[in-house]
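The values are calculated or read from the model by the stated rules, or taken from the named source; none is laboratory data. Just so it is clear, the model here is predicted, and its values are computed rather than measured. Positions of Cβ are backbone-derived with ideal geometry, glycine not excepted, and every protein chain shown enters the neighbour counts.
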Amino acid sequence: MNRSHWYILINTMLFLFGSISFYYATPKFRKSNQTKLISQEKESEFRKEVIVLDSLYKQHVNALISNDQIAIASTDAILEKQFTWMKKEYAGQTSPALLASKLIRNYQVRVLLNKHLISKRNEQAGEVKRVSALVAKLEEQNTELKSQNQMIKQVLLGLP
């Protein structure tokens with residue numbers, strides 16, 4: 001055998017050895033319980049629950065926009081109730097449970113972000129009111145100073 005035949009033979013043996021060792025080293029991925037299919041019924045039920053959760057979230061956003069504290073508190077309570085129910089319903093490490101936990105966390109973060117944005121907007125509105133009141137006060141002082149300036153000019157013009 002020449003040199004190229006030995007090279008091909010050794011590389012083929014190494015490839016076969018690597019393939020066989022990889023096959024036996026990773027049996028847990030081939031026999032995973034996570035890859036089981038989800039029934040159509042469970043999938044449609046999950047979709048319905050997601051639609052309900054999304055509509056509750058939209059109601060909560062509308063309540064935040066309207067700045068009605070009673071509506072905000074009630075929609076927040078309903079959302080939290082739905083979150084805890086879904087967490088209890090989809091407990092474990094199955095695919096729907098992992099998806100549900102990520103979905104719930106996503107909505108919780110969105111609710112917190114919206115609340116933070118609304119509070120910042122309210123703070124800015126308070127600051128705008130304060131600044132506009134200050135501007136009105138300064139404008140009033142300005143008009144008073146202008147009238148005093150006019151009176152001083154008239155007095156100066158009247159002097160011989």
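Scanning the stretch 58-76 finds no residues that are farther than 30 Å from residue 122 by Cβ, at pLDDT below 90 and within 35 Å of the chain's Cα centre (by Cα). Does residue 142 qualify as being within 30 Å of residue 62 (Cβ to Cβ) and not aromatic (Phe, Trp, Tyr)? Answer is no for this residue. When we screen 29, 46, 17 for residues that are modelled with pLDDT of 85 or more, exposed (fewer than 11 other Cβ atoms within 10 Å of the Cβ), over 29 Å from residue 120 (Cβ atoms) and of a type in the set (Phe, Trp, Tyr), the only hit is 17. Taking the condition farther than 30 Å from residue 125 by Cα, at pLDDT 90 or above and surrounded by fewer than 15 Cβ atoms within 10 Å (Cβ to Cβ), does residue 102 pass? Yes.
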